[in-house]
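K.L.:
Before I ask anything, here is the structure I am working with.
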Amino acid sequence: MGLLILSMHFWKYSALGNTFVVVEARRGVRARLLPWVRALCDPKTGVAADGVALVEPSRLRLHIYNADGGRAEVSGNGARCAAQRLFDAGGYGREILLQADAGPLRCRRTRRGVSVTLPPPRFATRDIPARAASPEVWGVRLRLPKPVNNDLTVYALSVGNPQCVVWGSPGMKNWEEAGALLHTHRMFPERTNVVFARSAGRKIEVKLWERGVGPTLSSGTGAAAAAVVGAQLGKTSRRVDVVMAGGTMRVVWRPDQQIELVAPAELIAAGTWEWRRSR
């Protein structure tokens with residue numbers, strides 16, 4: 001039995017409190033689960049983060065992993081952190097095109113921070129994906145067991161990854177319990193991110209339960225989902241500020257249906273980390 005040692009340079013960025021560790025990959029990555037990601041994101045064995053943005057600089061390929069080690073299709077904040085790292089490294093100008101599992105993500109440097117453009121939202125049940133007889137999961141009431149023991153109306157969509165939005169009740173006392181139950185609800189075979197949202201003047205206030213992470217201070221795709229649902233319900237305009245516990249993100253649902261997210265991404269730590277495992 002030998003000892004496997006992985007040594008890697010990392011850059012930890014904060015995107016409105018949503019933290020990602022950016023690591024560079026020398027070759028293509030196909031794994032759906034990376035055990036070392038869990039250790040790297042753990043505060044006791046690693047550097048404490050919500051996820052890992054694994055970047056192939058040569059191909060500008062982006063692989064997103066949640067804190068539990070599972071792979072995600074896309075992350076708005078993860079993409080912004082990865083783009084900020086590449087901008088900080090130099091040689092990329094003011095705009096780059098990252099290739100994620102969910103498709104191309106255009107990233108730009110702006111005065112407000114880093115902008116990332118997500119693909120158009122999809123509402124079809126099969127695209128979320130969700131298990132439902134209806135063509136869309138829109139305004140559907142779900143019964144949640146204890147400790148929530150309540151009916152919630154949900155609006156499900158994909159913004160590159162699955163999102164379940166509950167509109168009008170981010171202040172509910174048991175939103176974390178509700179988020180945990182919705183996140184693994186049988187309707188969502190690949191689990192889902194959960195967003196509790198309400199309009200507040202010309203803004204949207206949200207609370208977030210992120211797939212594979214739990215309660216989080218901010219989420220780019222969660223903010224995008226809240227903005228799309230708010231616009232579809234006639235609660236907000238298609239250009240809106242989304243207020244999260246970690247800060248405010250500008251979201252623009254453009255006429256071409258793509259969704260632009262703008263907010264800062266800040267470097268907070270860098271170094272070398274080793275992972276050791278018997279094999």
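The values are calculated or read from the model by the stated rules, or taken from the named source; none is laboratory data. Bear in mind that the values here come from a model prediction, so they are computed numbers and not experimental data. Heads up, the Cβs are rebuilt from the backbone with ideal geometry, glycines too, and the neighbour counts pull from every protein chain shown.
Matching residues to (1) of a type in the set (Gly, Ala, Ser); (2) closer than 17 Å to PRO120 by Cα; (3) more than 15 Å from the chain's Cα centre (by Cα):
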| site | (1), (2), (3) |
| --- | --- |
| HIS185 | no, no, yes |
| LEU208 | no, no, no |
| GLY220 | yes, yes, no |
| ARG254 | no, yes, yes |
| GLN257 | no, yes, yes |
| TRP275 | no, no, yes |
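K.L.:
Then there's this: Evaluate the stretch 218-237: report whether one residue or more is closer than 14 Å to ARG80 by Cβ and outside any helix (DSSP H, G or I).
P.N.:
So the first thing to find is which residues in the stretch 218-237 are closer than 14 Å to ARG80 by Cβ, and the list is 218-224.
Applying the additional criterion that residues be outside any helix (DSSP H, G or I) yields 218-219.
Yes, because at least one residue in the stretch 218-237 is closer than 14 Å to ARG80 by Cβ and outside any helix (DSSP H, G or I).
K.L.:
Check every one of the strands (runs of 3 or more DSSP E) wholly within the stretch 89-185 and list those with 3 or more residues that are buried (at least 20 other Cβ atoms within 10 Å of the Cβ) and either of a type outside the set (S, T, N, Q) or at pLDDT below 95 (or both).
P.N.:
113-118, 150-158, 162-167
K.L.:
Does GLY139 qualify as being over 24 Å from ARG30 (Cα atoms) and in contact with a Lys or Arg (Cβ under 6 Å, 6 or more places away or on another chain)? Please lay out each step first, then the result.
P.N.:
On the way: over 24 Å from ARG30 (Cα atoms): yes; in contact with a Lys or Arg (Cβ under 6 Å, 6 or more places away or on another chain): no.
Criteria not met by GLY139.
K.L.:
Does ARG112 satisfy the criteria of being more than 24 Å from GLY212 (Cβ to Cβ), free of Cβ contacts under 8 Å to residues at least 12 places away in the same chain and within 21 Å of the chain's Cα centre (by Cα)? Give the derivation first.
P.N.:
Values: more than 24 Å from GLY212 (Cβ to Cβ): yes; free of Cβ contacts under 8 Å to residues at least 12 places away in the same chain: no; within 21 Å of the chain's Cα centre (by Cα): yes.
Taking the combined requirement at face value, the residue does not satisfy it.
K.L.:
Go through (1) farther than 20 Å from ARG191 by Cα; (2) surrounded by fewer than 21 Cβ atoms within 10 Å (Cβ to Cβ); (3) touching a strand residue (DSSP E or B) at 6+ places or on another chain (Cβ under 7 Å); (4) free of Cβ contacts under 8 Å to residues at least 60 places away in the same chain for LEU34 and report which single condition fails.
P.N.:
(1)
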